[in-house]
Amino acid sequence: QVHLVESGGGLVQAGGSLRLSCAASGRRFRSYAMGWFRQGLGKEREFVASISRSGGSTYYADLVKGRFTISRDNAKNTVYLQMNFLKPEDTAVYFCAADEDGYGNTISQYDYWGQGTQVTVSS
């Protein structure tokens with residue numbers, strides 16, 4: 001089992017940047033593929049980005065491709081989401097998630113979830 005805690009959210013103006021972090025407990029962090037998802041107010045949770053166990057492969061939603069970068073540091077048990085050129089429509093609670101079987105964009109495949117961190121982008 002893995003416990004996930006997100007941080008780094010906040011209020012930023014459109015065009016600005018934020019870096020989210022997700023710290024994982026346990027010694028098996030490198031065994032999990034990791035993903036970031038987000039949920040805006042009144043909206044369904046949606047996929048943002050994912051990264052393979054080694055960090056060698058990444059996958060992005062079209063809406064964030066070219067603006068967001070997912071990375072991980074297995075020595076620090078942490079996954080990151082660098083968000084640049086933020087837009088008001090990026091406003092949401094951002095969640096990280098861990099998947100034992102592989103990385104992808106489907107909510108149901110992820111086994112463990114953090115509590116989320118709020119990102120608000122003002123226009």
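What is the distance, in nm, between label points placed 7 Å from the Cα along the Cα-to-Cβ direction at TRP113 and at ALA61? In this crude label model, TRP113 to ALA61 measures out at 1.4 nm.
Using alpha carbons only, the radius of gyration of the stretch 20-67 set against its Kirkwood radius gives Rg/Rh = 1.02. Distance distribution P(r), the stretch 1-114, all Cα-Cα pairs, bin width 5 angstrom from 0: 2, 13, 25, 27, 19, 10, 4, 0 percent. Based on Cα contacts under 8 Å between residues 6+ apart, the stretch 15-75 shows a relative contact order of 25 percent.
How long is the gain from ASN105 to HIS3 if the chain were fully straight, where each residue apart is worth 0.36 nm and the alpha carbon distance is subtracted? Intermediate results must be reported in sequence, preceding the final value.
Values: separation 102, 0.36 × 102 = 36.72 nm, distance 2.02 nm.
My answer for the length gained is 34.7 nm.
Using C-alpha pairs under 8 Å with a sequence gap of at least 6, the mean separation divided by the residue count of the chain gives a relative contact order of 36 percent. When you filter the GluC sites (Glu not before Pro) in the stretch 44-123 for DSSP loop state and at most 16 other Cβ atoms inside 10 Å of their Cβ, you are left with GLU44, GLU100.
So if each residue of separation counts as 0.36 nm, and I subtract the Cα-Cα distance between GLU46 and SER17, what length gain in nm does that give?
Values: separation 29, 0.36 × 29 = 10.44 nm, distance 2.01 nm.
Length gained, GLU46 through SER17: 8.4 nm.
The numbers here are math on the coordinates, done by the rules we state, and not lab data. Quick caveat: nothing in here was measured; it's all calculated off a predicted structure. Positions of Cβ are generated from backbone atoms using ideal geometry, with glycine treated the same way; all protein chains shown enter the neighbour counts.
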